[in-house]
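The values are calculated or read from the model by the stated rules, or taken from the named source; none is laboratory data. Since the structure is predicted, the reported quantities are computational estimates derived from the model, not experimental observations. So basically every Cβ, Gly included, is an ideal-geometry build from the backbone, and we count neighbours across all protein chains shown. What goes into the accessible areas is simple: the full protein's heavy atoms, side chains included, and nothing from ligands, DNA or RNA. Shrake-Rupley method; radii C 1.70, N 1.55, O 1.52, S 1.80 Å.
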Amino acid sequence: MSLKKLAIFALLIILTAQALEGRLQSCNPSGKIRGKKPPPGQCNQENDSDCCKQGKLYTTYKCSPPVSGSTKAVLTINSFQKGGDGGGPSECDNQYHSDDTPVVALSTGWYSGGSRCLNNVTISGNGRSVTAMVVDECDSTMGCDDDHDYQPPCPNNIVDASKAVWKALGVPEGDWGELDITWSDA
């Protein structure tokens, strides 16, 4: 076999291995849940939160995309205060947190059974970075019930952040809602 053919063959093997590795690391939906109409006054729409719709099917995930030094995600906004759209106290410490404190909830796969609880993550977006503490899970496996404030399950690529995070990133308040970001463990 010529050196050129050998180099091409080696390259094909490398590309095939990378494709297989990418496929093995992918995160596919784990199921669906059917939406239930919230009882009157039971879905807090602060921060433009969605409420489940009767009969609509919502995709669920038990995983999130692989974490890297710069993991792509979507930043959403959440109130972790008592009475806020985040529902009950945070999973990590059973406490409520001020909107003025930089805290986040991570999609189920990234929350990783609580292994990131009370650890910091660095969030980069809008040309800035901020450090925030993980205090909760943005549940990608369940939703549309009282425990989840009658909101749908989170997508698998969400960093759900307090107002303090949005302010630190310098995003004008009128643009708060969803922002493409990257994040990493701090």
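A few remarks follow.
- The count of lysine pairs in the range 29-76 whose Cα atoms are under 27 Å apart, excluding pairs fewer than 8 places apart on the same chain, comes to 12.
- Antiparallel beta bridges, as assigned by DSSP with both residues in the chain, represent about 70 percent of the total such bridges.
- Of all accessible heavy-atom area on the chain, the percent that carbon and sulfur account for (1.4 Å): 51
- A value for mean projected area of the Cα convex hull in nm² was derived from the coordinates, and within the list (1) 15.1; (2) 22.7; (3) 13.2 it appears as (3).
- Each Lys or Arg adds one and each Asp or Glu takes one away; over the other residues whose Cβ falls under 9 Å from the Cβ of Glu173, this sums to +1.
- Gyration tensor (alpha-carbon) shape descriptor, the range 57-147, a/c threshold 1.5: oblate
- DSSP-defined antiparallel bridges as percent of all bridges, the range 106-186, nearest 5: 85
- Inter-part distance where the range 43-72 and the range 152-172 are each reduced to a Cα centre, Å: 12
- Using a probe of 1.4 angstrom and keeping all protein chains present, the accessible surface of the range 85-186 works out to 43 square angstrom per residue.
- Charging the Cβ of each Asp and Glu at -1 and of each Lys and Arg at +1, and nothing else, the dipole of the chain about its Cα centre rounds to 1060 debye.
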